[in-house]
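Peer 1: A single structure is presented below for examination.
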């Protein structure tokens, strides 16, 4: 592990769509669960290692496996997601039950939650960070990750 002062070197790996600048790294092939958004300069630099390439059969879009080494503040690292998921789950329940009974988080797929939340976001009072956190919570607890659903 490389450490310089309060900074730590990390590797982010995942998949990106091989169109445009390829700035958004997704967790899994074919799933729109954002892990990182790179600057244009970094996304096109030699710092990004490109691996396997394949086409998403559902969309016809080409994807490529990528990895990039970056520096971040050590204090930004967490060892336990439980408090984060608890806060996101509470925000979902509190805000998304104002107008209707909210669906079980495992009712939709990870990609399905993108459109579902996008259609409802105008009716809640989320800032950009909370919206992103709740979406990631819904996606990581979706039918793609829950046992016994769809």
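Derivation of every value follows stated rules applied to the coordinates shown; laboratory data play no part. Since the structure is predicted, the reported quantities are computational estimates derived from the model, not experimental observations. Cβ: placed from backbone, ideal geometry, glycine included. Neighbour counts: every protein chain shown.
Peer 1: For segment 82-140, what number results from the quotient of the Cα radius of gyration and 2.2 N^0.38 Å?
Peer 2: 1.00
Peer 1: In degrees between 0 and 90, to the nearest 10, how far off the longest principal axis of the chain does helix 82-95 point, with axes built from Cα atoms?
Peer 2: Taking Cα atoms only, the helix is inclined about 40 degrees.
Peer 1: Gain in length, residue 98 to residue 50, computed as 0.36 nm per residue apart minus the alpha-carbon separation, to one decimal in nm?
Peer 2: 12.8 nm
Peer 1: Can I ask one more? So what's the gap between the Cα centers of segment 78-146 and segment 32-54, to the nearest angstrom?
Peer 2: 25 Å
Peer 1: Further question on the same structure: Could you work out the relative contact order of the chain? I mean the mean sequence separation of Cα pairs under 8 Å and 6+ apart, divided by the number of residues, in percent.
Peer 2: The normalised contact order for the chain reaches 22 percent.
Peer 1: Quick one, can you get me the convex hull of the C-alpha atoms of the chain expressed as volume per residue in Å³?
Peer 2: Spread over its residues, the Cα hull of the chain gives 151 Å³ apiece.
Peer 1: Right, here's the next one. Could you work out how far apart the two model spin labels at residue 145 and residue 39 are, taking each label as a point 7 Å from the Cα in the direction of the beta carbon, and quote it in nm?
Peer 2: So the two model labels end up 3.0 nm from each other.
Peer 1: To check my understanding: the extent here is largest minus smallest coordinate of the Cα atoms along each principal axis. What are those three numbers for segment 3-76, in Å, largest first?
Peer 2: 45, 22, 18
Peer 1: So between residue 118 and residue 67, what do we pick up on full extension, going 0.36 nm a residue minus the alpha carbon distance?
Peer 2: 15.5 nm
Peer 1: How far, in degrees from 0 to 90, does helix 110-120 lean away from the longest principal axis of the Cα atoms of the chain, to the nearest 10?
Peer 2: 60 degrees
Peer 1: Another question, then. What's the whole-number percent of alpha carbon pairs in segment 17-59 lying beyond 17 angstrom?
Peer 2: 31 percent
Peer 1: Determine the relative contact order of segment 49-132: mean sequence separation of Cα pairs under 8 Å and six or more apart, normalised by residue count, in whole percent.
Peer 2: This gives 17 percent for segment 49-132.
Peer 1: When the helix-only estimate is applied to the chain (DSSP H runs of n ≥ 4, each -39,500 (n - 2.57), divided by the residue count), what is the mean residue ellipticity at 222 nm, nearest 500 deg cm²/dmol?
Peer 2: -8500 deg cm²/dmol
Peer 1: Specify the angular offset, from 0 to 90 degrees and rounded to the nearest 10, of the alpha carbon long axis of helix 128-140 from the longest principal axis of the alpha carbons in the chain.
Peer 2: The two axes meet at around 80 degrees.
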